[in-house]
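For reference, the structure is listed below as structure tokens.
FYI, it's all coordinate maths here, none of it is from the lab. Since this is a predicted model, take the numbers as computed values, not measurements. Every residue, glycine as well, gets a Cβ built from its backbone with ideal geometry; the counts of neighbours run over all protein chains shown.
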Amino acid sequence: MFSKGRYTYYIYILTNKNRRVLYTGVTGNLHRRLYQHKTKLNPGSFTARYNLEFLIYYEKYNWIHHAIQREKEIKDWSRIKKLELIRNTNPNLEFLNYLFENWL
């Protein structure tokens, strides 16, 4: 039997300044990951090429396998379905990076 997970994992959706491209990812440290996207740690990556650094959606999990399963599920969705998910909690597609900026 599983007990409550000891860690926190996130699935997240990023967009660019014009909100035209969506990217879904998973991480154990959303603060660090957002910084990596913003500074283009991997210059040849999809997120760097399309300037995807603005957080518009995230979910929190205690087990990495649940987070990975959810990431895969969302990645298979159409853009319309992803936008419906996002708009349920963030109707104006506001950038949410500020929620994770001052974490140590």
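The lysine pair count for segment 22-104, using Cα distances under 18 Å and pairs eight or more places apart or on different chains, is 5. Measuring nothing but how far apart in sequence close Cα pairs (under 8 Å, 6+ apart) lie, relative to its length, the chain scores a relative contact order of 33 percent. Towards the positive end of the charge dipole of the chain, with charges on Cβ (+1 Lys, Arg; -1 Asp, Glu), say which of TYR23, TYR98, TYR12 has the farthest Cα. Highest projection toward the positive end goes to TYR23. Here is how the number arises for the chain: DSSP H runs of 4 or more residues each give -39500 (n - 2.57), the sum is divided by the residue count, and the result at 222 nm is -10000 deg cm²/dmol.
Whole-Hz Karplus values for segment 88-98 come out as 5, 10, 9, x, 9, 6, 5, 6, 10, 3, 4 Hz, taken residue by residue from phi with 6.51 cos²θ - 1.76 cosθ + 1.60 and θ = phi - 60°; glycine and proline positions read x. The structure-derived value of volume of the Cα convex hull per residue in Å³ appears in the list [x] 123; [y] 115; [z] 85 under the label [y].
Backbone phi angles across segment 27-38, fed through the Karplus curve with coefficients 6.51, -1.76 and 1.60 (θ = phi - 60°), yield HN-Hα couplings of 7, x, 9, 5, 4, 5, 5, 4, 4, 4, 5, 4 Hz in residue order; Gly and Pro are listed as x. Under 15 Å from the Cβ of LEU41, count the other residues' Cβ atoms, weight Lys and Arg +1, Asp and Glu -1, and hand me the total. Overall, the nearby charge balance is +4. What does the net charge come to around ILE74 if you take all other residues with beta carbon closer than 12 Å to its beta carbon, with K and R at +1 and D and E at -1? Surrounding charge for ILE74 is +1.
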